[in-house]
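K.L.:
Following this message is one structure expressed as structure tokens.
Coordinate-derived values only; no laboratory data. Source: prediction; values computed, not measured. Virtual Cβ from ideal backbone geometry, glycine too; neighbours counted across all protein chains shown.
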Amino acid sequence: MLELKPIHLDAVPAALEKAERYRLLNQPAEAESICRDVLAVDPRNAEAQAMLVLALTDQFGDRHGASLDAALAEVRQLGDGYERAYHTGLVYERWAKAQAGRAAPHHAPLGWLREALRHYEQAQGAAPKGNDEAILRWNACVRLMRRIEQASGHDAAHVTAGRREPPLD
């Protein structure tokens, strides 16, 4: 079996730039691979950890994409409480959007979006002053939930969060 080759520690900054470019080019599997290479030589690299989570969530909905559990496992590696809460919210938000793209009922993503909101609220409480990223994501989720409610006739306030299947009424 072929062995992976480690990158040099001084190549980490350039590798992370390349990973970001691959994400922007909608090639998340390549970005994931680079992040894993960085983490193999610099296991506590916060930028690589966060980008790995994003690269995994970019693959939600792909035929051979990442799973919800795989992304959540990587979030747990993030060292900062704010980062963990914020990225957990992102994972659930992106999972909800991936579920919305499938042939599931229109209201299926509502439970996942409620879970995202719960984590964004935690992140907002732990956010550094001047960092409103969690509020921006909260508002985007609420707007999406309103659109889903209008399309499906379901009230998002009555959907239970955190289910492993699409929510049922």
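K.L.:
Would you calculate the separation in nanometres between label points at Ser152 and Asp10, each defined as 7 Å from the Cα along the Cα-to-beta-carbon direction?
P.N.:
Distance between the two pseudo-spin positions: 5.4 nm.
K.L.:
Could you rank the peptides 108-114, 8-14, 22-28 by their average count of other C-beta atoms within 10 Å per residue, with the highest value first?
P.N.:
Listed from highest to lowest mean packing, they are 108-114, 22-28, 8-14.
K.L.:
How many nm is it between the label spots at Leu2 and Asp132, if each spot is 7 Å from the Cα in line with the beta carbon?
P.N.:
Each label point lies 7 Å from its Cα, and together they span 4.9 nm.
K.L.:
Using only Cα atoms and rounding to the nearest 10 degrees, what angle (0 to 90) does helix 81-100 make with the longest principal axis of the chain?
P.N.:
60
K.L.:
Then there is this: Say we join alpha carbon atoms closer than 10 Å with springs in a Gaussian network model of the chain; which of Asp58, Asp37, Asp69 then has the biggest fluctuation?
P.N.:
Asp69
K.L.:
Name the residue from Met51, Ala31, Gln99 whose Cα lies farthest towards the positive end of the charge dipole of the chain, charges +1 on Cβ of Lys and Arg and -1 on Cβ of Asp and Glu.
P.N.:
It is Gln99, whose Cα lies furthest towards the positive end.
K.L.:
Per residue of the chain, what 222 nm ellipticity follows from adding -39500 (n - 2.57) for every DSSP H run with n ≥ 4, rounded to the nearest 500?
P.N.:
When only DSSP H runs of four or more count, the value is -20500 deg cm²/dmol.
K.L.:
Treating the angle as unsigned and between 0 and 90°, give the value, to the nearest 10°, between the Cα long axis of helix 28-41 and the longest Cα principal axis of the chain.
P.N.:
Helix 28-41 and the main axis of the chain meet at about 50 degrees.
K.L.:
Using a Cα-Cα cut-off of under 22 Å, which lysines could be cross-linked to Lys18, ignoring same-chain neighbours fewer than 8 residues away?
P.N.:
By straight Cα distance, Lys18 reaches Lys5.
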